[in-house]
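Engineer: This is the structure I have questions about; it appears just below.
The values are calculated or read from the model by the stated rules, or taken from the named source; none is laboratory data. Because the structure is a prediction, the values reported are computed rather than measured. Reconstructed Cβ throughout: ideal geometry from the backbone, glycine too, with neighbour counts over all protein chains shown. Ligands, DNA and RNA are stripped out before the accessible areas are found, and what is left, the full protein with its side chains, is counted by its heavy atoms. Shrake-Rupley method; radii C 1.70, N 1.55, O 1.52, S 1.80 Å.
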There are 2 protein chains.
Amino acid sequence: MQTALATAGLPPVLAASLAGRAVPLPATETRAGLRRTVAAEAEIFAEGDRAGMFYKVVSGVVRTYKLLSDGRRQIDAFHLPGDIFGLETGAEHRFNAEAVTEAKLEVHRREPRALAGGDGALAREVVAAMMSGLERAQDHMMLLGRKSARERIATFLLTMSRRMACGGAAMELPMSRTDMADHLGLTVESVSRAVTQLERDGLIALPPNRRMVVVRDAKALARLAA
Amino acid sequence: MQTALATAGLPPVLAASLAGRAVPLPATETRAGLRRTVAAEAEIFAEGDRAGMFYKVVSGVVRTYKLLSDGRRQIDAFHLPGDIFGLETGAEHRFNAEAVTEAKLEVHRREPRALAGGDGALAREVVAAMMSGLERAQDHMMLLGRKSARERIATFLLTMSRRMACGGAAMELPMSRTDMADHLGLTVESVSRAVTQLERDGLIALPPNRRMVVVRDAKALARLAA
DNA sequence: CGTTGCATTGATAACATTCAATAGGAGTGG
DNA sequence: CCACTCCTATTGAATGTTATCAATGCAACG
């Protein structure tokens, strides 16, 4: 089997795409995939689990993260509705995934037949997801490697406000300060201080509800985000 | 043109693969692509350049990096022989690329016809490159977000020694301390101090040539790298 | 054999972390 | 509706790690 050998190590989805194969889609499987609802803080998969499925967020928010042996955590990304996560190169998941809020997910089999059928839309989405994941990761390396706490928070708030598409109004961050800290390479305290300082400087407003943030001066934030 | 619409935003290479197209390969173009030799420190492409080509390192080392407006630099990756770099999702390069040492490169057109011909090996390589790039980036986020200077250096030295496949012997790092610093999110001084400390602790040895490093205790390094 | 550029080392300062305490909101049960 | 509790966020003080500034050392090269 030359194809199998040649594509060894590649996810079946893409291997099939590259080989130009088109396996007929069983009538019982819909494009939308199965649904799954997970409670807030519940685990979706863990590092090392067999990566037989990948997911698309329908509603709610999901975090994917890695742990160091001593418990230090790095949150790779927060996945919002429409985002795909859980795609892996190898046989196993390289991240842990948990729901940040209660979340509804579309579950897809990793097998090519679920993708290479008449509808190529999902396959394209999968590739696009991989790429945007790569771009996000690259930008995030800049943030983690070279930006100050203030700049990290500014970047994060701006990105979230764009992704959540809250037109100028207040947004409610779905995640805790701890989650933000582990995403931005800071401690909870540093996050809190930086957020407070941005408020004092008038770039944002902080309603009594601690998860809410109002972007007051997007331009100044963008300047900080550099 | 439905295909063009459906694959909008995807790199032609992958769009063609997904669509199952197979454009004949002109006889004048070899699988190996064109060659290009660049001097040490020379620019290969810059952020914002049209991304018409991508590259494979034949010999030498290349760095890809981003800059902040005030000059802070984050080196995304060092590319060793066999590595592919310069692949982009959009029309423009999102990184700068420079030769670290004199380097020989294979230059490939981004157009699908250079890939989807009789030989699918390169196409597969391209996808694999994208994925391994993603995995590297994800691991690097853990390093940048959560590891100490010592741990970063340990991780880096171990990774380099593996990638350069120097069987137990000494390796000559191709890049300067400044490059290491900008890759690891540190300053030159911190890199120097951490390297020195690893030597004092007996985990590595530092021959008089400052680019040389001998891994003395790979296990202890791996423990540090966590 | 001096020059040049990078690396190392030293002293100090800044920023973020750590440890510790307080405050504030959300939810609960009376 | 109000106390009470719990949990998270905030704030404060001290510490520590890394950055910054400055000087020296060292190897490669002409």
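Engineer: What nm distances, shortest first, do you get from the label point of residue A:46 to those in the other copies when the point sits 7 angstrom along Cα to Cβ?
Structural biologist: The projected label point of residue A:46 is separated from its counterparts by 5.1 nm.
Engineer: Just from the alpha-carbon atoms, what are the Rg and Dmax of segment B:133-191 in angstroms?
Structural biologist: Final numbers for Rg and Dmax: 11.7, 31 Å.
Engineer: If you don't mind, there's one more thing I want to ask. Given the C-alpha atoms of segment B:76-163, compute the convex hull and give its volume per residue in Å³.
Structural biologist: Values: hull volume 10.6 nm³, N = 88.
Hull volume normalised by residue count: 121 Å³.
Engineer: In what sequence, largest accessible area first, do B:217, B:201 appear using a 1.4 Å probe? Don't skip to the end; give the middle numbers.
Structural biologist: Details: B:217 55, B:201 80 Å².
Listed by decreasing accessible area, they come as B:201, B:217.
Engineer: Restricting things to Cα coordinates, could you compute the convex hull volume per residue of segment B:36-132 in Å³?
Structural biologist: Details: hull volume 9.1 nm³, N = 97.
Hull volume over Cα atoms, normalised by residue count, gives 93 Å³.
Engineer: Any chance you could list P(r) for segment A:147-225, counting all Cα-Cα pairs in 10 angstrom bins from zero, rounded to whole %?
Structural biologist: Result returned by the calculation: 20, 61, 19.
Engineer: Would you pull out the residues with amide H under 5 Å of residue B:45's amide H, same chain only if 5 or more places away, H placed 1.01 Å from N?
Structural biologist: B:97
Engineer: A follow-up question, please. For segment A:89-226, just list the percent of Cα-Cα distances falling in each 10 Å bin from zero outward, please.
Structural biologist: 10, 34, 31, 18, 7, 0
Engineer: Sorted from shortest, what are the nm distances separating the label point of residue A:68 from equivalent points in the other copies, each placed 7 Å from Cα along Cα to C-beta?
Structural biologist: Ordered by increasing distance: 2.1 nm.
Engineer: Roughly how much of residue B:43 is accessible, in Å² to the nearest 10, using a 1.4 Å probe?
Structural biologist: Spelled out: residue B:43, probe radius 1.4 Å, area about 110 Å².
Engineer: From the backbone phi of segment B:141-149, what are the Karplus-calculated ³J(HN,Hα) couplings (6.51 cos²θ - 1.76 cosθ + 1.60, θ = phi - 60°) in whole Hz, Gly and Pro given as x?
Structural biologist: 5, 4, 4, 5, x, 9, 9, 6, 4
Engineer: Contour minus end-to-end for residue B:68 and residue B:47, with contour as 0.36 nm per residue of separation and end-to-end as the Cα-Cα distance? Please list the in-between numbers first.
Structural biologist: Working: separation 21, 0.36 × 21 = 7.56 nm, distance 1.16 nm.
Answer, rounded to one decimal: 6.4 nm.
Engineer: Once you list every other residue whose beta carbon is under 11 Å from the beta carbon of residue A:159, what net charge do they have if Lys and Arg are +1 and Asp and Glu are -1?
Structural biologist: Details: positive: A:136, A:152, A:162, A:163; negative: A:139.
Here the charged neighbours net out to +3.
Engineer: Provide the per-residue ³J(HN,Hα) series for segment B:205-221, in order, calculated from phi with Karplus coefficients 6.51, -1.76, 1.60 and θ = phi - 60°, each as a whole number of Hz, with x at glycine and proline positions.
Structural biologist: Going residue by residue, I get 10, 10, x, x, 5, 5, 8, 7, 9, 10, 7, 9, 9, 4, 5, 5, 4 Hz, with x marking Gly and Pro.
Engineer: Leaving out same-chain residues fewer than 8 places away, which aspartates and glutamates sit with a Cα under 15 Å from that of residue B:219?
Structural biologist: B:151, B:199, B:201
Engineer: Continuing with the same structure: How much FRET efficiency would the formula 1/(1 + (r/R0)^6) give for residue B:162 and residue A:205, where r is the Cβ-Cβ distance and R0 is 35 Å, rounded to 0.05? Walk me through the numbers before you get to the answer.
Structural biologist: Details: r = 49 Å, r/R0 = 1.41.
Using R0 = 35 Å, I get an efficiency of 0.10.
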